[in-house]
Amino acid sequence: QAKRLGGNTWHWFNDGLNKHALHEVSLRQQIHEALNLKQFQLFYQPMFGNDLDIIGVEALIRWKHPTRGYISPAEYIPVAERTGQIIPISEWVMEEAATMVAGLTEIGVPTISINLSPLQFHRHRLVERITSLLDGYQIQAGKLCVEITENVFLDDPQEAIKQLRELQNLGVVVAIDDFGTGFSSLSYMRDMPVDRIKIDRTFINGITASQRDAAITRGTLSMAHELGMDVVAEGVETEEQFNLLKSFGCTSYQGFWYSRPLSWDDLQNFTRSRNSGARLKV
Ligand code: C2E
Ligand code: MG
Ligand code: MG
Ligand code: MG
């Protein structure tokens, strides 16, 4: 098979491979520096209810690179997962999120969600770590939500289920992120210790134009509600989507229409202006 490739093709292929590897090596080095130089920040995207009240925030990591500006987590989280650097990154995220809870409560934000990586379940120390954070910062467990994707169940599903059950028993809220994009969503709803699902924004994006997306979203909402789970609609970008979702029985939302992910300073301003003018928009 290799023989049939022309010389140029081979060179091109080889080149591409090297570039990819180089990129990954340099990214790995830069992530290492970013951790040391404290270039990571948390941003907070509000989640909101039917009255446009803030019901919580999702913590989203931001990397302020000295020359490239903000780099999307989509670019380096997958690399960090391959190199194992997601562990120190996640450690930083959990600690930072925990330190923020008191301040968030003070400005009227009752809960915080963090994204967990599958690797965090491998160390078997996750529950202990979260317990000690809750204790150390005097955080009521119900104020914390952990968002996971189905990848968490790929390696050792029994272990992941066990740890999630323990988190649930503490009172931590367990959410399935990007719901509907995976392959076995229904069995999750049946078998997994899950309190909340977040319907992926690719469905929400289509609900006003596509009967199918609307039907899937409506069906998911009613199924989840019948199972006693909460539902958050992700990626709500327009008022039209919000109104339609509301008519489907949705009660929790997140998306650019309400707010983009905000720095702590901007979040403070946002809650301040909402508290003075929120009712007007209802
Ligand atoms: P996610 O957990 O599903 O986070 C939601 C993503 O959707 C965020 O992208 C957010 O900015 C974006 N988003 C929110 N509303 C809208 C909308 O209305 N329209 C559109 N087009 N996008 C919207 P972001 O911050 O770039 O994060 C991407 C992914 O990176 C996250 O997806 C999550 O999987 C991962 N990630 C982010 N922060 C962390 C972290 O601290 N730890 C881990 N392990 N992963 C993280
Ligand atoms: Mg998430
Ligand atoms: Mg999501
Ligand atoms: Mg997503």
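Annotations
- Within the range 63-75, the only residue that satisfies the criterion of being surrounded by 12 or more Cβ atoms within 10 Å (Cβ to Cβ), away from ligand 4 (no atom under 16 Å from the Cβ) and either at pLDDT 95 or above or not in a strand (DSSP E or B) (or both) is Trp63.
- Number of residues in the range 186-205 that are within 15 Å of ligand 1 (Cβ to nearest atom) and free of Cβ contacts under 8 Å to residues at least 40 places away in the same chain: the value is 6.
- Every pair of residues 6+ apart whose Cβ atoms lie under 6 Å, when the first sits in the range 84-95 and is closer than 9 Å to Gln120 by Cα and open to solvent by less than 20 Å² (accessible area, probe 1.4 Å) while the second is aliphatic (A, V, I, L, M) and more than 7 Å from ligand 1 (Cβ to nearest atom): Ile86/Ala80; Ile86/Leu119
- Condition broken by Leu170, with the remaining ones in (1) in contact (Cβ under 8 Å) with a residue 40 or more places away in the chain; (2) within 16 Å of ligand 1 (Cβ to nearest atom) satisfied: (2)
- The residues of the range 104-126 that are open to solvent by less than 20 Å² (accessible area, probe 1.4 Å) and within 29 Å of His32 (Cβ to Cβ), listed by number, are Ile112, Ser113, Ile114, Leu116, Ser117, Gln120, Phe121, Leu126.
Each row is one residue, and each column tells you yes or no for (1) open to solvent by 10 Å² or more (accessible area, probe 1.4 Å); (2) within 16 Å of ligand 1 (Cβ to nearest atom).
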{"position": "Ile207", "(1), (2)": "no, yes"}
{"position": "Arg212", "(1), (2)": "yes, no"}
{"position": "Ser222", "(1), (2)": "yes, no"}
{"position": "Thr238", "(1), (2)": "yes, yes"}
{"position": "Gly249", "(1), (2)": "yes, no"}
{"position": "Ser252", "(1), (2)": "yes, yes"}
{"position": "Pro261", "(1), (2)": "yes, yes"}
{"position": "Trp264", "(1), (2)": "yes, yes"}
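- Pairs linking a residue in the range 64-80 that is without any contact (Cβ under 8 Å) to a residue 60 or more places away in the chain to a residue that is hydroxyl-bearing (Ser, Thr, Tyr) and part of a helix (DSSP H, G or I), with Cβ atoms under 9 Å and 6 or more positions apart or on different chains, are Ala80/Ser90.
- Applying the criterion of being out of contact with any helix residue (DSSP H, G or I) (no Cβ under 8 Å at 6 or more places or on another chain) and either assigned to a loop (DSSP other than H, G, I, E, B) or open to solvent by less than 20 Å² (accessible area, probe 1.4 Å) (or both) to the residues of the range 170-194, the residue that is nearest to ligand 4 (Cβ to nearest atom) is Asp177.
A quick yes/no check of all residues on (1) exposed (fewer than 15 other Cβ atoms within 10 Å of the Cβ); (2) in contact (Cβ under 8 Å) with a residue 12 or more places away in the chain; (3) within 16 Å of ligand 4 (Cβ to nearest atom); (4) in a helix (DSSP H, G or I):
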{"position": "Ile130", "(1), (2), (3), (4)": "no, yes, no, yes"}
{"position": "Leu134", "(1), (2), (3), (4)": "no, yes, no, yes"}
{"position": "Ile139", "(1), (2), (3), (4)": "no, yes, no, no"}
{"position": "Val146", "(1), (2), (3), (4)": "no, yes, yes, no"}
{"position": "Val152", "(1), (2), (3), (4)": "no, yes, yes, yes"}
{"position": "Asp155", "(1), (2), (3), (4)": "yes, yes, no, no"}
{"position": "Ile161", "(1), (2), (3), (4)": "no, yes, no, yes"}
{"position": "Leu164", "(1), (2), (3), (4)": "no, yes, no, yes"}
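- Looking only at residues in the range 224-236 that are within 14 Å of ligand 3 (Cβ to nearest atom) and assigned to a loop (DSSP other than H, G, I, E, B), the one that is surrounded by the fewest Cβ atoms within 10 Å (Cβ to Cβ) is Gly235.
- Residue that is farther than 18 Å from Ile55 by Cα and in contact (Cβ under 8 Å) with a residue 40 or more places away in the chain, where the choices are Thr251, Thr220: Thr220
The values are calculated or read from the model by the stated rules, or taken from the named source; none is laboratory data. Note that the structure is a prediction, hence the values are computed from the model and not measured. Neighbour counts are summed over all protein chains in view; Cβ atoms, including those assigned to glycine, are modelled from backbone coordinates with ideal geometry. With ligands, DNA and RNA removed, areas are computed over all heavy atoms of the protein, side chains included. Shrake-Rupley method; radii C 1.70, N 1.55, O 1.52, S 1.80 Å.
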